[in-house]
Structure formats: C-alpha cells, structure tokens
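Visitor: Sending over a structure as structure tokens; questions will come in a sec.
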Amino acid sequence: MESPAGGAPAPRALPYYVALSQLLGLTAVATTGAWLGLYRGGIAWESALQFNVHPLCMVIGLIFLQGDALLVYRVFRNETKRTSKVLHGALHVLALVLALVGLVAVFDYHGRQRYADLYSLHSWCGLLVCGLYFAQWLLGFGFFLFPGASFSLRSRYRPQHVFCGAAIFLLAVGTALLGLQEALLFKLGAKYRALEPEGVLGGALGLLLAGFGAAVLYILTRAGWRRPPREEEQALSMDFKTLTEGGGPGSQ
Ligand code: HEM
C-alpha cells in the first residue's frame, strides 16, 4: 500500500486493527453514558448525581483519550514527528484535565456525603494511576517538548517512556474495571447474582473496556507497525551518531 506522501507504506492490517480499537473505545464511551443515563439518573455537579461525573470523565479521559494518544505514532505514520508529538501531547493534556475533573467530582461527592476516602483497592490503584500518569506527562514534556533536552538524553529516555505509557494505560483499564465492579455491587447487592439488566450492561461495559485496552496494546506491541523514521530524521540521527562515536572525517 503506497502512502499518499510517498513515505513508508502502512502495514496492510494496521487500519483494520485501528478501526476495531476505535469501534470498541467509542462503544465503551457510549455505553458508559447509556448506563449512567438509564440506571443512575444522568450527571450533574451540584447534586447526588455528582458521583456520575467520575466514571464518565475517567472512561473518556484515562481510557479512551489516553489509549488514542498512545496510537498517534502508529496512525499518523507519515506526518512529521513534530505534528505527531503535538497531537500526542494534546490528547494527553485533554485526558489529564478530564481525569482531574473526575477525581475532584468523586472526592467532593464523598466529602459532601461524609463517606470514607481511600479505603478500597480501586481507590488506591486510582491514585497510583493518576500519580504515575501526571509524572509521565511531566517527564514526557520535559524530555520531548522542552527544547533544552539533548538528543542523547531523549534517545535514552524514549524506551522507558514507551514502557511506562503502556503500563500506566494497562493499570488504568484494570482500575476502571475494579471501580465498575464496585459500583455495581454497591447498588445491586444480592440482586447482582440474578443477572439484573444493570449488572449485565455493566458487565458488557467492562468487556468493552478490556477489549479496547487489548486492541491498543496489540497495535502498540507489533514491532513492524512502528512509525518508520523519515529520511531527514534518519540523516539527523546518523549525523549525531557520527559526532558522538567519533566517526567524523577528523577521527581515526
Ligand atoms: C482509571 C480510571 C479511574 C480512576 C483513576 C479512579 C480513581 C478513583 C479514586 C482515586 C477514588 C477514591 C475517591 C475517594 O476515596 O474519595 C475513586 C472512587 C470510586 N470510583 Fe473510581 N476511578 C476510575 C474509574 C472508575 C470507574 C470507571 C468507575 C465505575 C463506576 C469508578 C467507580 C468508583 C467508585 C464506586 C468509587 C467510590 C468507592 C471507592 O472509593 O472505592 N471509578 N476512584
């Protein structure tokens, strides 16, 4: 398959996997909205519905947008690195803002209702995910968007950034599943065993979240689907290698 810009051809199967991931992700977002609308009274800030802002923001921000941010370099493979970086960073900023709104919503709601804070495995994993995500964002910004970082520092940090990005995303999906299970059990109690419609819809939402996570991780881990460096980027990295390894005209 030839790319329109004359760059590297996209692997044949990649568009199908990307389409599948988007179908799963968007259906998960729509199902979250349907669940909250049909069974939880919708969302609002200044009322008992404030809690519902939490799952909606977390699913859109920390699952869907974070997952899509990870796919930017695979999907926009023939754009300049700068364009991909800006899009990757912008999606992460949006995800971070939504995650903060979701966190404020749940803590504020717990405070108003005088519920205990941070007692569950879900809440501990949730704080860990948010802390790691924020740290990853700051480090990513410092190394890749801040002009002061050197080429060699960026190259050494890149593999850690890629690994941590995938690990944090995986942890976010697991945390959302724990939270969903908890929310269903809190409300349905013993009725959960009777396959109540809300329990079944919640279970389907969990499978969609897990499916989206698996599709994103599959695309990320295919070595042949990585973004190939453009010619000018390759030339730049050769120049750098020559300089640092002493292969220049003046060296022996
Ligand atoms: C990756 C996404 C998520 C993160 C990072 C996250 C984080 C958190 C945190 C830190 C708390 C503690 C609030 C407190 O102690 O006052 C919490 C509470 C809660 N979350 Fe989430 N959450 C996520 C997704 C979800 C989802 C999708 C649901 C589904 C309904 C959910 C349901 C709950 C429930 C029921 C509570 C209150 C009980 C508890 O503290 O465990 N969460 N969440």
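Visitor: If I filter the range 61-113 down to residues being of a type in the set (D, E, K, R) and in a helix (DSSP H, G or I), which single residue comes out as nearest to residue 214 (Cα to Cα)?
Guide: Selected residue: 68.
Visitor: Inspect the range 27-39 for any residue being over 21 Å from the mean Cα position of the chain (by Cα), surrounded by fewer than 18 Cβ atoms within 10 Å (Cβ to Cβ) and on the phi > 0 side of the Ramachandran plot and give the result as yes or no.
Guide: No, every residue in the range 27-39 fails to be over 21 Å from the mean Cα position of the chain (by Cα), surrounded by fewer than 18 Cβ atoms within 10 Å (Cβ to Cβ) and on the phi > 0 side of the Ramachandran plot.
Visitor: Right, another one. Within the range 155-193, can you find the residues that are polar (S, T, N, Q) and within 15 Å of the ligand (Cβ to nearest atom)?
Guide: Matches in the range 155-193: 175, 181.
Visitor: Among the residues of the range 132-154, how many are touching a residue at least 24 places away in the same chain (Cβ under 8 Å) and farther than 17 Å from residue 90 by Cβ?
Guide: Of the residues in the range 132-154, 3 are touching a residue at least 24 places away in the same chain (Cβ under 8 Å) and farther than 17 Å from residue 90 by Cβ.
Visitor: When the residues of the range 222-235 are filtered to those that are part of a helix (DSSP H, G or I) and touching a helix residue (DSSP H, G or I) at 6+ places or on another chain (Cβ under 8 Å), which remaining residue is modelled with the highest pLDDT?
Guide: Ranking the candidates gives 225 first.
Visitor: Still on this structure, please answer the following. Across the range 10-39, which residue is nearest to residue 212 (Cα to Cα) among those that are touching an Asp or Glu at 6+ places or on another chain (Cβ under 9 Å) and within 16 Å of the ligand (Cβ to nearest atom)?
Guide: Across the range 10-39, the extreme among qualifying residues is 25.
Visitor: Quick check on the range 173-195. Is at least one of its residues of a type in the set (S, T, N, Q), within 25 Å of the chain's Cα centre (by Cα) and under 30 Å from residue 82 (Cα atoms)?
Guide: no
Visitor: Which ones in the range 41-53 are surrounded by 16 or more Cβ atoms within 10 Å (Cβ to Cβ) and in contact (Cβ under 8 Å) with a residue 60 or more places away in the chain?
Guide: Within the range 41-53, 50 is the sole residue that qualifies.
Visitor: Criterion first (in contact with a His (Cβ under 8 Å, 6 or more places away or on another chain), near the ligand (Cβ under 10 Å from one of its atoms) and within 21 Å of residue 59 (Cβ to Cβ)) does residue 105 satisfy it?
Guide: For residue 105, the condition - in contact with a His (Cβ under 8 Å, 6 or more places away or on another chain), near the ligand (Cβ under 10 Å from one of its atoms) and within 21 Å of residue 59 (Cβ to Cβ) - is met.
Visitor: Counting just the residues of the range 71-109 that are touching a Gly at 6+ places or on another chain (Cβ under 6 Å) and buried (at least 20 other Cβ atoms within 10 Å of the Cβ), which one comes out nearest to residue 229 (Cα to Cα)?
Guide: Ranking the qualifying residues of the range 71-109, first place goes to 95.
Visitor: Quick check: is even one residue across the range 193-208 farther than 30 Å from residue 23 by Cα, part of a helix (DSSP H, G or I) and either at pLDDT 60 or above or touching a strand residue (DSSP E or B) at 6+ places or on another chain (Cβ under 7 Å) (or both)?
Guide: No, the range 193-208 has no match at all.
Visitor: Another question, then. Under the condition of being part of a helix (DSSP H, G or I) and loosely packed, with under 13 Cβ neighbours inside 10 Å, which residue from the range 132-150 is farthest from the ligand (Cβ to nearest atom)?
Guide: Among residues in the range 132-150 that are part of a helix (DSSP H, G or I) and loosely packed, with under 13 Cβ neighbours inside 10 Å, the one farthest from the ligand (Cβ to nearest atom) is 138.
Visitor: Related question: Looking only at the range 122-131, which residues are within 8 Å of the ligand (Cβ to nearest atom) and either in a loop (DSSP other than H, G, I, E, B) or touching a residue at least 24 places away in the same chain (Cβ under 8 Å) (or both)?
Guide: Correct list: 122, 125, 126, 129, 130.
The values are calculated or read from the model by the stated rules, or taken from the named source; none is laboratory data. As the structure is a prediction and not an experimental result, all values here were calculated from the model. Note: ideal-geometry Cβ built from the backbone for every residue, glycine included; neighbour counts use all protein chains shown.
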